Each structure stands twice: as structure tokens, then as C-alpha cells.
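Engineer: Here it is, the structure, as C-alpha cells.
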């Protein structure tokens, strides 16, 4: 079954400022789409529009050919999972309890045995089973990031959105999280993520959309979008690209 997200002509204003100006894209299941651009380009805003947190002034977002504004909140929660940039881990909430909150769209009153089994299955698949009874505040940044991904997966979404999934992580955890994200798309999910790191976007993406001041500068495959001239124009710095290793190096 082909699942598709279509974004058509999205315009959104913050007072008199155009946060998004005619943004269009499409992404299908099994694909990773990265949203790149400098600070203030509209990356997080676009994620919020796709997740129906923000309502655009013009344009439409379709999932499975259905406008998301016609769907009930619980239908959105079942279709789209969201992983924020960071999680404030306070109190003694355990990993298991936190991931179980992601099952809310499927729970009528109290969690069933099926819900419990699903949470343990996800924890096992992500390598967190031994952490089930650990308090969130005891976890490292990389472990917390995986817990947030597990929570998003607990809702059994068709689409999963990431806002800067590797920010504030050391190199090892960045690689672990990116490999996990790639594995999710290999299992048929649509993955859409905002990224600052252009090398990471180059290596993990099937499609890239480059924004600047809310406008689409380029959209296409990594090789189509990531060229030195375009990057230098948008980011204001010269770069070189080592294609055989998929590395983008800024020149000082």
C-alpha cells in the first residue's frame, strides 16, 4: 500500500512575516525527506504544519489523499508520530510509562495486554528493554532520544517527524539515531526531519528540501540539492563537497 504526504502551496504568516511562502513537497512511504536551511528558514514551522499544530493561511496538507484538517485529532495521532528536539526529564517517570503514553490513541480506558506487549516489543526492537524500569532523569541524551522515538512508534504511525534528531548528541549517539531513522524508513514509514547538519542530510536522505526565509530554494535528491554554489548562496559561506564520501566541508 502506497502512503503519501503531499504539501501544496503552504503559506503561513507570523504577524507580517512570511514564515512559509508557497511550500510544496511530496514524500512516500519508505522515503526519508530532510528539511534543511539556515536558522529561521522555516524548518520547524513546516513540521508543525504537517503535524497540524499550526494552521496555514493558504495551501493544504494531504495524507493518503485526505486533507489533514478534515481528520479528527485522534486520527492524526494514529497516523503521525512526532519526536521533538529535546525532552525535559523530570520526576521519576519510567521509560515504560513514558512510552506507554504514546499508545493513547489506541487506548479506550486503561492499557490492555496488547498495549503492554506492543510497548515491550518496541523497547526490545530499539534496544531499550533493559531500560524499561529506569527513570527518564537517569538516562543520557542519546538514550532519551531513543526513548522519544519509541514513544512516537508506540502509536503505530504511518509518518514520523523529527525536529533536529541529532542535536546535543555526541558523535556515537548521532550515528545510532541516524541508523535507527534509516531503519524506520526501510520498514515502510515516511520519515520527515529537520536537520542542520548537511553531511547527515546527504547520507541519510532520499529527498531534500532546502528552505530560506520560508521559501523553497530547491527540492530533489541529495545530489540535486546539495551543490556548492547553492549551499554557499543560502548559507553565506563557501563549501566543498567530497561526493565519494558524501561529506560537505565549510571553508573558513
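Engineer: Provide the convex hull volume over Cα atoms per residue for the range 138-252, in Å³.
Structural biologist: Per residue, the Cα convex hull of the range 138-252 comes to 127 Å³.
Engineer: Stretched out fully, how many nm does the piece from residue 132 to residue 186 gain, at 0.36 nm a residue minus the Cα gap?
Structural biologist: My answer for the length gained is 16.9 nm.
Engineer: Still on this model: Over the chain, what is the relative contact order in whole percent, taking alpha-carbon pairs under 8 Å and six or more residues apart?
Structural biologist: Relative contact order here is 27 percent.
Engineer: Can you give me the P(r) profile for the chain? Cα pairs, bins 5 angstrom wide beginning at 0, each as a whole percent.
Structural biologist: Taking all Cα pairs of the chain, the binned fractions are 1, 6, 13, 17, 18, 16, 13, 9, 5, 1, 0, 0 percent.
Engineer: May I ask what percent, to the nearest 5, of DSSP beta bridges between residues of the range 4-250 are antiparallel?
Structural biologist: 60 percent
Engineer: Can you give the calculated 222 nm mean residue ellipticity of the chain, where each DSSP H run of n ≥ 4 adds -39,500 (n - 2.57) and the sum is split over every residue, rounded to the nearest 500 deg cm²/dmol?
Structural biologist: -9500 deg cm²/dmol
Engineer: Right, another one. How far, in degrees from 0 to 90, does helix 113-125 lean away from the longest principal axis of the Cα atoms of the chain, to the nearest 10?
Structural biologist: The two axes meet at around 50 degrees.
Engineer: Here is a follow-up. Using a 10 angstrom cutoff on alpha carbons, build the Gaussian network for the chain and name the most mobile of 203, 172, 104.
Structural biologist: 172
Engineer: Name the most mobile residue of 113, 215, 11, meaning the one with the largest mean-square fluctuation, in a Gaussian network model of the chain with Cα contacts below 10 Å.
Structural biologist: The residue with the greatest mean-square fluctuation here is 113.
Engineer: Hey, how many Å between the Cα centroid of the range 1-59 and the Cα centroid of the range 62-126?
Structural biologist: Each part's Cα centre sits 22 Å from the other's.
Each value in this text was obtained by applying a stated rule to the coordinates, not by laboratory testing. A quick note: this is a predicted structure, and the numbers were derived from the prediction, not measured.
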